[in-house]
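The values are calculated or read from the model by the stated rules, or taken from the named source; none is laboratory data. What you are looking at is a predicted structure, and each value in this text was computed from that prediction instead of being measured. As a convention, Cβ positions derive from the backbone with ideal geometry for all residues, glycine included, and neighbour counts pool all protein chains shown.
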Amino acid sequence: MKWIITIALFGLLAGCSDPPPAEDDIEKALDSMERAVENNNPGPVLDRLHGDFELDRSGRSLSRSQAQRLLRLTLKRHQNVSVVLTRVKVESEPSRKDRARAWFSAVVTSSSRSRFLPEDGELYRIESEWALEDGQWKLLNMASRRTLDR
C-alpha cells in the first residue's frame, strides 16, 4: 500500500514540473515588451533577451549587446513610439518542451514632436525563437524584415 501512495505522489510531482504553456506566456511577454517600448522603458525588453540572443535585421546579424545598444539609442532618439502587434501565432516545438516559435507583424510609428501624428512608420514581419530558462520564456533569436521596402 505504501508503494502505491509513493508512486502516486511521484506521479503528481512529475506532472507539476511541466513547463508553462508557451502560447500564453509568450503572448503575455510580447504584450509586456510592446508596452515597455511605448513607455520608453527598455528594461522589460532587455530582461526577456536570452544570453545567446541574436537579431537578424534584413540579413544583418546583431549580438545581444548590439541589439541592446540599438534599442536604447532608438528609444532615446524617438520619444513617442507606438507599437501594434498583429497576426501573432505561437507554436511549441513538438520535439522540445523548452523551445517555441512565434510569428507576428509589427506596425511601429514614431514622432519626436507629437503623440498623435506619427512622423515615421514601418511595417515588419517578425519570426522569433524562444527558450524556456528558469521558468521564464526568453527571446533566443529574432529575424525581422520590412514588408514595405522603400
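General observations
- Any chance residue 37 is of a type in the set (Val, Ile, Thr) and either at pLDDT 95 or above or not in a helix (DSSP H, G or I) (or both): no
- Scope the stretch 1-28; condition of a type in the set (A, V, I, L, M) and either part of a strand (DSSP E or B) or at pLDDT below 95 (or both); matching residues: 1, 4, 5, 7, 8, 9, 12, 13, 14, 22
- Breaking point among (1) of a type in the set (Asp, Glu); (2) in contact with a Ser or Thr (Cβ under 9 Å, 6 or more places away or on another chain); (3) crowded, with 17+ Cβ neighbours inside 10 Å, for residue 127: (3)
- Residue 64 being farther than 21 Å from residue 107 by Cα and without any contact (Cβ under 8 Å) to a residue 40 or more places away in the chain: yes
- Residue 103 modelled with pLDDT of 95 or more, surrounded by 15 or more Cβ atoms within 10 Å (Cβ to Cβ) and not in a loop (DSSP other than H, G, I, E, B): no
- Of all residues in the stretch 73-98, those satisfying the criterion of being among the charged types (D, E, K, R) and within 21 Å of residue 31 (Cβ to Cβ) are 87, 89, 91.
- Pairs, first at positive phi in the stretch 36-54, second modelled with pLDDT under 95 and in a helix (DSSP H, G or I), C-beta under 9 Å, six or more apart: 40/75; 40/76
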